[in-house]
There are 2 protein chains.
Amino acid sequence: MTIDTAISELSAFLGDRLSRSKSDLDAHGASETWYAPAPPDAVAYPESTEEVARILAICTAHGCPVVAFGAGTSLEGQTSAVAGGVTLDFARMNKVLAIHQGDMEAVVQPGLTREELNRELRDTGLFFSVDPGANASLGGMAATRASGTTALRYGTIRENILALEVVLADGRVIRTGSGAKKSAAGYDLTGLFLGSEGTLGIITELTVKLRGQPEAVSAGVCAFGAMSDAVETVVAVIQMGIPMARMEFVDADTVRAVNAYSGTDLPEQPHLFVEFHGSDASAAEDAARFGELAAEVGASDVRTATRTEDRTALWTARHHAYWACLGLKPGATAVVTDVCVPISRLAEAVEETRADIAASHIPGPILGHVGDGNFHAILLVEAGNEADLAEARRLASRMAERALRMGGTITGEHGIGLGKLGYMEAEHGEAWAVMGEIKRTLDPAGILNPGKLVRQN
Amino acid sequence: MTIDTAISELSAFLGDRLSRSKSDLDAHGASETWYAPAPPDAVAYPESTEEVARILAICTAHGCPVVAFGAGTSLEGQTSAVAGGVTLDFARMNKVLAIHQGDMEAVVQPGLTREELNRELRDTGLFFSVDPGANASLGGMAATRASGTTALRYGTIRENILALEVVLADGRVIRTGSGAKKSAAGYDLTGLFLGSEGTLGIITELTVKLRGQPEAVSAGVCAFGAMSDAVETVVAVIQMGIPMARMEFVDADTVRAVNAYSGTDLPEQPHLFVEFHGSDASAAEDAARFGELAAEVGASDVRTATRTEDRTALWTARHHAYWACLGLKPGATAVVTDVCVPISRLAEAVEETRADIAASHIPGPILGHVGDGNFHAILLVEAGNEADLAEARRLASRMAERALRMGGTITGEHGIGLGKLGYMEAEHGEAWAVMGEIKRTLDPAGILNPGKLVRQN
């Protein structure tokens with residue numbers, strides 16, 4: 001009962017779709033952020049649910065770890081094969097299986113990326129709304145409970161997945177949910193697998209909700225003298241029920257980074273980037289009401305746009321923010337934080353975080369999905385510089401503790417992976433033990449993404 | 001280890017807050033619909049989470065069944081004490097613990113009803129959106145994954161509960177979720193307990209999302225020559241992205257019942273009842289766009305209203321529909337069905353159901369939340385008439401099978417209780433076994449609402 005015997009069996013079964021090439025192992029053990037490489041012992045490229053089921057049955061029989069891999073864009077080391085074993089790369093399970101236009105649903109395989117899905121939908125008048133920034137795979141987005149800039153209006157992945165097909169550790173294949181928009185038929189297993197980061201089962205098919213492409217889109221950008229004014233605007237807008245499609249905050253540091261990176265000339269102040277979806281009339285009305293509210297709290301430099309190219313130009317600063325921030329410290333890698341707090345504590349949380357970062361020796365621009373109370377500091381560390389990394393982790397730790405103290409969560413959308421494991425007990429207390437009990441029930445051999453999410457024995 | 005010894009211990013602990021009076025037992029063993037009375041052996045009235053925890057620890061130690069009870073408005077026998085034991089009545093845990101206006105959240109106890117909560121919110125400009133019709137308790141709504149007429153715009157209970165406090169079978173108290181609007185911090189235990197019908201744990205506190213009261217509300221009613229035209233309108237409206245607050249369907253039988261019950265004079269045809277929330281301008285624009293779409297497919301007798309009293313009058317037919325339907329057969333009780341199908345199959349599902357009922361000897365008006373693909377036939381049976389009941393169950397069974405065949409679910413919002421247990425295997429296959437595994441992990445002694453939701457041993 002070893003990894004090696006499992007791999008021998010898998011190799012006989014999958015032939016050249018089980019790779020042990022160094023480049024493959026390295027590519028699958030790498031992290032998008034600062035985590036140390038942790039390559040698997042082999043990479044499997046399954047082509048069907050049946051193959052995944054057989055792989056898992058073999059791995060359970062031999063106690064071989066299994067890590068699911070989509071586009072590799074997770075930020076907390078979710079795909080690191082810290083216990084070795086086999087990585088399941090879904091590159092060959094990346095099809096759109098069905099588009100049900102009348103039902104506004106699509107059935108897809110986990111390796112499909114969200115941009116690929118939206119390309120396929122281009123002529124249907126529909127789109128898939130969840131947009132975490134990266135061109136992530138749908139399977140990965142489901143497994144990490146992704147959200148992003150449009151969650152405010154259309155919800156996170158949790159509100160946009162209707163059904164799943166999942167292979168359990170022992171090779172059983174189950175279906176959760178249905179094609180109906182809602183159900184009260186027993187435990188919400190769909191919801192249980194969303195955000196389980198490959199520790200409870202492997203997602204092999206997803207039924208996703210689609211949205212009608214809005215008739216009209218308008219966008220706006222405005223600058224504020226203080227971050228708290230931006231947040232005050234956000235709160236007012238939400239309470240008024242103005243249906244914002246996106247509402248993004250960037251701090252002065254981020255604006256400075258973007259001006260340098262993209263050649264824009266935004267004032268180096270906190271900004272809100274907003275977008276409205278609706279009819280011609282409602283999108284214009286919403287934009288006007290937003291503008292009034294922002295002006296009341298002293299917003300300046302308000303710019304708006306409705307034509308696609310103008311909107312794209314307007315939002316450039318936000319779209320390029322992550323790469324622009326990395327450019328603030330050449331050769332740097334990022335410790336990306338991801339706290340989410342009740343809106344009433346948002347201004348305080350961001351201000352305290354900004355003060356913390358200002359007092360440290362590393363740069364850390366702040367940006368976020370403020371309508372949800374979710375923000376990130378992009379803490380920039382020189383690769384291999386232990387002092388930088390220690391400082392970034394100290395700052396990240398203080399952010400997590402602050403979020404919990406304010407009634408929030410250690411992660412709004414990036415998930416646990418390796419990076420947040422240390423705070424799970426603090427956030428969940430005994431509920432974390434319950435997560436472990438569920439994990440052991442569904443994966444008694446502990447083969448599914450070991451080292452992640454639940455308490456390690 | 002018996003129910004009696006548990007009750008003795010509970011009696012010593014709770015004093016006169018443990019009732020064994022016949023009227024109390026009968027009231028808690030009764031069903032809102034057709035299920036046979038199944039009274040518990042005792043009714044406990046806890047006043048705190050700590051008391052609930054101690055009660056559960058005692059009941060686990062003695063193998064005594066525990067059934068949670070809110071307002072008793074569930075429709076599938078969820079609160080029937082089919083194995084006896086103790087019913088926990090949350091009448092004394094019915095407080096609003098906090099209203100966080102800036103965060104648009106409230107923290108409440110499970111015994112509070114939704115109407116009580118909305119009364120408390122009256123002066124805040126906020127409201128709790130989930131409206132299943134009955135004045136259900138929040139704990140019960142959470143436990144049965146309730147939804148209702150506003151789910152289309154504001155979501156079901158699943159999208160409106162942020163956090164829970166839950167007492168587990170062994171007396172451990174856990175907290176799930178947080179005050180943040182979203183989180184990716186591990187398994188979604190909040191979602192797992194929503195819809196678990198008291199079989200996994202007892203909810204003792206809920207953090208609920210509130211919504212801003214819309215500046216303007218407009219309403220409309222229109223008649224269609226055929227049900228399929230009404231559904232065609234629904235599909236068009238959703239695809240256009242018109243943000244409907246409510247969109248309800250009633251069939252010609254329901255209209256006839258309402259006309260008789262409420263003295264209205266609606267044409268005896270299929271109708272849609274719609275409501276729009278927004279600004280003055282957007283609510284009016286949405287109503288106008290809806291009217292155009294409905295007219296295109298031949299809607300007639302379109303009536304609209306914006307003033308509160310006019311809207312209320314307009315919606316009378318829908319609000320009174322359930323009682324009006326019961327009036328079709330004096331002295332009757334109802335077998336209330338609750339299927340939900342993909343929208344593209346809705347017309348077909350309703351037509352087949354209507355034809356089935358027309359060929360039977362019992363009346364069964366149809367109405368539903370068509371924007372979600374969810375509809376109910378109110379199958380009227382004479383109390384004690386076995387032939388009526390057998391026929392109603394045959395029709396209900398055909399509806400459930402039809403919904404599954406069309407890719408839907410056996411229950412959109414009423415839950416499993418006693419009534420849908422027989423279809424769980426058909427809907428979920430092996431996933432139902434997984435539900436049982438989770439149940440046994442969290443409640444190994446099987447004390448929590450035995451006889452419900454999972455496979456019975």
In segment A:423-457, what count of residues is obtained for those that are more than 10 Å from every other protein chain (Cβ to nearest Cβ), among the aliphatic types (A, V, I, L, M) and open to solvent by less than 10 Å² (accessible area, probe 1.4 Å)?
2
Suppose the filter is within 10 Å of chain B (Cβ to nearest Cβ) and open to solvent by less than 20 Å² (accessible area, probe 1.4 Å); does residue A:147 pass it?
yes
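Among the residues of segment B:319-338, write down those that are in contact (Cβ under 8 Å) with a residue 60 or more places away in the chain, open to solvent by 30 Å² or more (accessible area, probe 1.4 Å) and part of a helix (DSSP H, G or I). Working first, answer last.
Initial filter on segment B:319-338 (in contact (Cβ under 8 Å) with a residue 60 or more places away in the chain): B:320-325, B:327-328, B:333-338.
Applying the additional criterion that residues be open to solvent by 30 Å² or more (accessible area, probe 1.4 Å) yields B:320, B:322-323, B:327-328, B:333.
If the condition is that a residue be in contact (Cβ under 8 Å) with a residue 60 or more places away in the chain, open to solvent by 30 Å² or more (accessible area, probe 1.4 Å) and part of a helix (DSSP H, G or I), then B:322, B:323 are the ones that fit.
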I'd like the full set of residues that are more than 11 Å from residue B:86 (Cβ to Cβ) and crowded, with 16+ Cβ neighbours inside 10 Å, limited to segment B:4-25.
B:17, B:24
Take the conditions on the phi > 0 side of the Ramachandran plot and in contact with a helix residue (DSSP H, G or I) (Cβ under 9 Å, 6 or more places away or on another chain) and apply them to residue A:373. Does it pass?
yes
Name, by its number, the condition in (1) more than 12 Å from chain B (Cβ to nearest Cβ); (2) open to solvent by 20 Å² or more (accessible area, probe 1.4 Å) that does not hold for residue A:158.
(1)
By residue number, the members of segment A:34-64 that are within 24 Å of residue A:415 (Cβ to Cβ) and open to solvent by less than 10 Å² (accessible area, probe 1.4 Å) are A:40, A:43, A:44, A:46, A:52, A:55, A:56, A:59, A:64
When you go through A:286, A:253, A:301 one by one, which is the residue that is more than 26 Å from residue A:378 (Cα to Cα) and either open to solvent by 30 Å² or more (accessible area, probe 1.4 Å) or within 12 Å of chain B (Cβ to nearest Cβ) (or both)?
A:286
Report whether or not residue B:275 is buried (at least 24 other Cβ atoms within 10 Å of the Cβ), charged (D, E, K, R) and not in a helix (DSSP H, G or I).
yes
Residues that are more than 14 Å from chain B (Cβ to nearest Cβ), open to solvent by less than 10 Å² (accessible area, probe 1.4 Å) and within 17 Å of residue A:355 (Cα to Cα), drawn from segment A:385-409:
A:392, A:395
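Which one of A:80, A:21, A:48, A:8 is free of Cβ contacts under 8 Å to residues at least 24 places away in the same chain and closer than 23 Å to residue A:443 by Cα? Walk me through it before giving the result.
Values: A:80 fails: free of Cβ contacts under 8 Å to residues at least 24 places away in the same chain; A:21 fails: closer than 23 Å to residue A:443 by Cα; A:48 fails: free of Cβ contacts under 8 Å to residues at least 24 places away in the same chain.
That would be A:8, the only listed residue that is free of Cβ contacts under 8 Å to residues at least 24 places away in the same chain and closer than 23 Å to residue A:443 by Cα.
Take the conditions of a type in the set (A, V, I, L, M, F, W, C), in contact with a helix residue (DSSP H, G or I) (Cβ under 6 Å, 6 or more places away or on another chain) and assigned to a helix (DSSP H, G or I) and apply them to residue B:6. Does it pass? Walk me through how you get there before you give the answer.
Numbers: of a type in the set (A, V, I, L, M, F, W, C): yes; in contact with a helix residue (DSSP H, G or I) (Cβ under 6 Å, 6 or more places away or on another chain): yes; assigned to a helix (DSSP H, G or I): yes.
Yes; evaluated as a whole, the condition is true for this residue.
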If you go through segment A:226-244 one residue at a time, do you hit one that is more than 7 Å from every other protein chain (Cβ to nearest Cβ) and at pLDDT 95 or above?
no
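If a residue must be facing chain B (nearest Cβ under 9 Å) and not in a loop (DSSP other than H, G, I, E, B), how many such residues does segment A:164-181 contain? First the steps, then the outcome.
Keep residues of segment A:164-181 that are facing chain B (nearest Cβ under 9 Å), which gives A:166, A:168, A:172-181.
Filter again for not in a loop (DSSP other than H, G, I, E, B), leaving A:166, A:173-177.
So the count comes out to 6.
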All conditions in (1) under 21 Å from residue B:182 (Cβ atoms); (2) over 17 Å from the mean Cα position of the chain (by Cα); (3) within 10 Å of chain B (Cβ to nearest Cβ); (4) open to solvent by 10 Å² or more (accessible area, probe 1.4 Å) are true of residue A:420 except (2)
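I'd like the full set of residues that are touching a Ser or Thr at 6+ places or on another chain (Cβ under 9 Å), of a type outside the set (S, T, N, Q) and touching a residue at least 60 places away in the same chain (Cβ under 8 Å), limited to segment B:121-140. Step through it out loud before you land on a result.
The first filter runs over segment B:121-140 and keeps only residues touching a Ser or Thr at 6+ places or on another chain (Cβ under 9 Å), leaving B:129-140.
Restricting the remaining residues to those that are of a type outside the set (S, T, N, Q) gives B:130-134, B:136, B:138-140.
Passing the criteria: B:132, B:133, B:134, B:136, B:138, B:139, B:140.
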Please indicate, with yes or no, whether at least one residue in segment A:381-398 is of a type outside the set (A, V, I, L, M, F, W, C) and touching a residue at least 60 places away in the same chain (Cβ under 8 Å).
no
Considering residues of segment A:5-51 that are touching a strand residue (DSSP E or B) at 6+ places or on another chain (Cβ under 7 Å) and among the β-branched types (Val, Ile, Thr) only, the residue nearest to residue A:95 (Cα to Cα):
A:49
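Residues in segment B:71-98 that are within 12 Å of chain A (Cβ to nearest Cβ) and more than 15 Å from the chain's Cα centre (by Cα): how many? Steps first, please.
Just the residues of segment B:71-98 that are within 12 Å of chain A (Cβ to nearest Cβ), to begin with: B:74-76, B:78, B:98.
Right, trim to more than 15 Å from the chain's Cα centre (by Cα) and you get B:98.
Result for segment B:71-98: 1.
The values are calculated or read from the model by the stated rules, or taken from the named source; none is laboratory data. Predicted model only: the values in this text are computed from it and were never measured. Reconstructed Cβ throughout: ideal geometry from the backbone, glycine too, with neighbour counts over all protein chains shown. Heads up: the accessible areas ignore ligands, DNA and RNA and are worked out on the full protein's heavy atoms, side chains in. Shrake-Rupley method; radii C 1.70, N 1.55, O 1.52, S 1.80 Å.
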